[in-house]
Structures are given as structure tokens and as C-alpha cells.
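Visitor: Shown below is the structure under consideration.
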Amino acid sequence: MSEDGNKQVVAIASDHGGYEMKTALKEELSSLGYAVLDLGTDSPDSVDYPDFAHALAEAVAQGKAGRGVLVCGSGIGVSITANRHSGIRAALCHNAETARLSRQHNDANVLALGERIIGMDVARECLKVFLETEFEGGRHARRVAKIG
Ligand code: RB5
């Protein structure tokens, strides 16, 4: 992982629509050697995704975790919510290529996934690529700075 925050801690959160995928990705993170900060939800019962996406974005923005992973049914609601926070660049990814580019070009610090959109194997692949790919900097650093 790169320069930001606490490098070994990855925060993860979901709503009910992403609960099963969150559970699987939590196990994957542990097996990859990361400490996991699980911010819920803690059951498949219906909840409101902004509550969990805001909590995760705050944890990453405050440096409690170096990176974050958010899952909802589509990945859309959690990414929209997280991107309201200053310093958060949440990328909604659907495959390894978008996960790779989100790091190389956008220095994304939050990975957003849709449990109803992609399969578990693709999600695990996105996670691994997201965590292992460095930001390229250079012209991309100038563009990321312009995001504000
Ligand atoms: C919940 O049904 C669903 O709306 C939510 O998980 C997410 O897809 C919202 O963007």
C-alpha cells in the first residue's frame, strides 16, 4: 500500500445489499495480512447505505484506516455518499482493470463494489488489485489535485 494514513488497516462497510460480499471480503483481507476495521452493517437486515458509507469515509479521512472498501447492491449509493467527503476518492469498480486504473490514475482511497452486479471472485480480484497497485503520480497527480 502507498503513502496514506495507517497502511495496514483497511476499513470495510456495507448495507444489507452488500452484506454477504462484505463478509467474504473481510475474510480475504485478513488472509492477505491486513487489519480490518469493520464498520458494519452486522446482519442482512435492511439498513440505509449512507449511514455506513459516511462512517467509512470519516474513518479513512481521519486516518483510522489507509484505505476503505464499501459494498452495497449496486455500489452506486455508497460511492456517491463517500465522495461527499473531503479527501475521499471512492471508485466504483467492476473488474480488475477499473480497480487498477482507479489506483494508477486517480489515487482512489476507497473501493466501491456492487454485490448485485459482480460476482465474488471478481470482487476478490478487484480488492487485491486495488490494494497492491500504486498511484503513478506525474500528470495524474496534477489532475487529482484539480479535483479539489
Ligand atoms: C438497497 O436495496 C440498494 O438500494 C442499495 O444497496 C444500493 O444499491 C444503493 O445504491
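Derivation of every value follows stated rules applied to the coordinates shown; laboratory data play no part. Remember, predicted model here, so these are calculated numbers, not experimental data. Note: ideal-geometry Cβ built from the backbone for every residue, glycine included; neighbour counts use all protein chains shown.
Visitor: Loop-only check: which GluC sites (Glu not before Pro) in segment 1-103 are DSSP coil with at most 15 other Cβ within 10 angstrom?
Guide: Filter output for segment 1-103: Glu3.
Visitor: For Ser74, Ser31, Ser79, what's the fewest-to-most ordering of other Cβ within 10 Å of each Cβ?
Guide: Arranged by neighbour count, lowest to highest, Ser74, Ser31, Ser79 become Ser31, Ser74, Ser79.
Visitor: For the chain, give the magnitude of the charge dipole about the Cα centre (Cβ charges: +1 Lys/Arg, -1 Asp/Glu; no others), in debye to the nearest 20.
Guide: 700 debye
Visitor: Report the relative contact order of segment 71-148, percent, no decimals, based on alpha-carbon pairs under 8 angstrom and at least 6 residues apart.
Guide: Value for segment 71-148: 33 percent.
Visitor: Give the order of Met21, Met120 when sorted by the count of other beta carbons within 10 angstrom, beginning with the fewest.
Guide: Least to most surrounded, the residues fall as Met120, Met21.
Visitor: Additional query: Restricting to Cα pairs below 8 Å that are 6+ residues apart, what does the relative contact order work out to for the chain? Please round to a whole percent.
Guide: Relative contact order, the chain: 25 percent.
Visitor: I need the calculated FRET efficiency for the pair Thr23 and Ile147, taking r as the beta carbon distance and R₀ as 41 Å, to the nearest 0.05.
Guide: The computed FRET efficiency comes out at 0.80.
Visitor: Determine the gain in length on full extension of the stretch Glu132-Ile76; use 0.36 nm per residue of separation and subtract their C-alpha separation, reporting nm with one decimal.
Guide: Taking 0.36 nm per residue and subtracting the Cα distance, the gain is 17.8 nm.
Visitor: Here's something else I'd like to know. Tell me which DSSP H helices of the chain clear both cut-offs, 15 Å or more of axial length from alpha-carbon atoms and a mean Kyte-Doolittle hydropathy of at least -1.0.
Guide: Qualifying helices, which must be both long enough and hydrophobic enough, are 19-31, 49-61, 120-132.
Visitor: So what are the ³J(HN,Hα) numbers for segment 76-83, from phi and the Karplus equation (6.51, -1.76, 1.60; θ = phi - 60°), rounded to whole Hz, Gly and Pro as x?
Guide: Result, ordered by residue: 6, x, 5, 6, 4, 5, 4, 6 Hz.
Visitor: How many nm is it between the label spots at Ser43 and Ser30, if each spot is 7 Å from the Cα in line with the beta carbon?
Guide: Going from the Ser43 label point to the Ser30 one covers 2.1 nm.
Visitor: Would you grab the residues whose amide H sits under 5 Å from the one on Leu92? Only those 5+ places off in sequence or on another chain, please, with H modelled 1.01 Å from N.
Guide: Amide H neighbours of Leu92, under 5 Å, 5+ apart: Ala112.
Visitor: What FRET efficiency, computed as 1/(1 + (r/R0)^6) with R0 = 25 Å and r the Cβ-Cβ distance, is obtained for Arg100 and Met120, rounded to the nearest 0.05?
Guide: 0.85
Visitor: Additional query: Given the rule -39500 (n - 2.57) for each run of at least 4 DSSP H residues, summed and divided by the residues of the chain, what is its mean residue ellipticity at 222 nm, to the nearest 500 deg cm²/dmol?
Guide: After summing the helix terms and dividing by residue count, I get -13000 deg cm²/dmol.
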